[in-house]
Amino acid sequence: MQESVVIFERVTKSYPTYTYITGGFKNFLIHLPKSLKGFRKRYTVLREISFQIAKGECVGFIGRNGVGKSTLLGLIAGVLKPDSGKIVVKGRVSPLLELGAGFHPDLTGRENIILNGVLLGMTKAEVKAKLDFIVEFSGLKDFIDQPIRTYSSGMVARLAFSVIAHLDPEILLIDEILAVGDVEFQKKSFQKILEFKEKGITIVLVSHSLDSIEKVCDRAIWLENGGIKMDGEAKEVVSAYLRS
């Protein structure tokens, strides 16, 4: 049996509610006692959730908007901290969460590849060695020496995905990025994910595309009401979710 590389033990994550702030500063002052009390109220997204993901396993998380799927990825990546419980992650995490978030608008595409690669854990020499392959994969060769601010959002996403695709990840986190770019690039992206799977890389995928979950994942976890509604073989979980 493979070693578990992601372990959640009774993990709870909540966020503060800002009901009175949304009504404006005047409304906040008028209802000051209630407003201050509101600061202490929290919305619990995940409640004492427990699961384990084995090395080389491909697991998809499904559920309606707001059930905590992206929060869960943020907890695995370490960019969010739980209120309580224990999280263990063994291995280098490569997150495909917010594509292009680390790019600088005034730098060229080429310069941003180097910057982003270094931010994601590669050395400058490693990035430069893969530079031509990254540019080729992105399909943006004609624009690569132009500033990122001149790129469309789709072009930025394609470039960001291309950098990630040429990392050597151990645990890959994917949040709704299989629809990046045009149809041809989507096929390349999907194929790259399958290549990672074949290499035995651990993949954690969040997507509203249940078809993608079925094609990529061995296992699916259905989140609902702060907990796990169902955990099992991907096709069975997806079918049950659709029936609901």
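The values are calculated or read from the model by the stated rules, or taken from the named source; none is laboratory data. Computed from a predicted model, the values in this text were never measured in an experiment. Glycine gets a Cβ as well: all are built from the backbone with ideal geometry, and neighbour counts include every protein chain shown.
All but one of (1) surrounded by fewer than 21 Cβ atoms within 10 Å (Cβ to Cβ); (2) modelled with pLDDT of 90 or more; (3) touching a Gly at 6+ places or on another chain (Cβ under 9 Å) hold for F137; which doesn't?
(3)
So in region 106-121, with the set limited to residues that are modelled with pLDDT of 85 or more and in contact with a Ser or Thr (Cβ under 9 Å, 6 or more places away or on another chain), which one is farthest from I164 (Cα to Cα)?
That would be G109.
Conditions: (1) of a type outside the set (D, E); (2) in contact with a strand residue (DSSP E or B) (Cβ under 9 Å, 6 or more places away or on another chain); (3) surrounded by fewer than 18 Cβ atoms within 10 Å (Cβ to Cβ). G154 meets all but one. Number of the miss?
In the conditions (1) of a type outside the set (D, E); (2) in contact with a strand residue (DSSP E or B) (Cβ under 9 Å, 6 or more places away or on another chain); (3) surrounded by fewer than 18 Cβ atoms within 10 Å (Cβ to Cβ), G154 misses (2) alone.
Considering (1) out of contact with any helix residue (DSSP H, G or I) (no Cβ under 9 Å at 6 or more places or on another chain); (2) modelled with pLDDT under 60, say which one S35 fails and leave the rest.
Checking S35 against (1) out of contact with any helix residue (DSSP H, G or I) (no Cβ under 9 Å at 6 or more places or on another chain); (2) modelled with pLDDT under 60, the one that fails is (1).
Select from region 204-237 the residues that are farther than 13 Å from K69 by Cα, crowded, with 21+ Cβ neighbours inside 10 Å and at pLDDT 95 or above and write down the one among them that is farthest from the chain's Cα centre (by Cα).
V237
What are the pairs, 6+ residues apart or on separate chains, where a residue within region 124-150 that is in contact (Cβ under 8 Å) with a residue 12 or more places away in the chain has its Cβ under 7 Å from a residue that is among the charged types (D, E, K, R) and not in a helix (DSSP H, G or I)?
P147/D106; R149/D106
Kindly establish whether G200 is in contact (Cβ under 8 Å) with a residue 12 or more places away in the chain, within 24 Å of L75 (Cβ to Cβ) and out of contact with any Asp or Glu (no Cβ under 9 Å at 6 or more places or on another chain). Spell out the reasoning first.
Details: in contact (Cβ under 8 Å) with a residue 12 or more places away in the chain: yes; within 24 Å of L75 (Cβ to Cβ): yes; out of contact with any Asp or Glu (no Cβ under 9 Å at 6 or more places or on another chain): yes.
Yes, satisfied.
So that you can scan it fast, the table gives a plain yes or no per residue for (1) surrounded by 17 or more Cβ atoms within 10 Å (Cβ to Cβ); (2) modelled with pLDDT under 95; (3) over 20 Å from C217 (Cα atoms):
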{"residue": "E9", "(1), (2), (3)": "no, no, yes"}
{"residue": "T12", "(1), (2), (3)": "no, no, yes"}
{"residue": "Y18", "(1), (2), (3)": "no, yes, yes"}
{"residue": "G24", "(1), (2), (3)": "no, yes, yes"}
{"residue": "F28", "(1), (2), (3)": "yes, yes, yes"}
{"residue": "R42", "(1), (2), (3)": "no, yes, yes"}
{"residue": "Q52", "(1), (2), (3)": "no, no, no"}
{"residue": "V59", "(1), (2), (3)": "yes, no, no"}
{"residue": "K69", "(1), (2), (3)": "yes, yes, no"}
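Suppose we filter region 223-244 for residues that are touching a residue at least 40 places away in the same chain (Cβ under 8 Å) and among the aliphatic types (A, V, I, L, M); how many remain?
Qualifying residue count for the region: 5.
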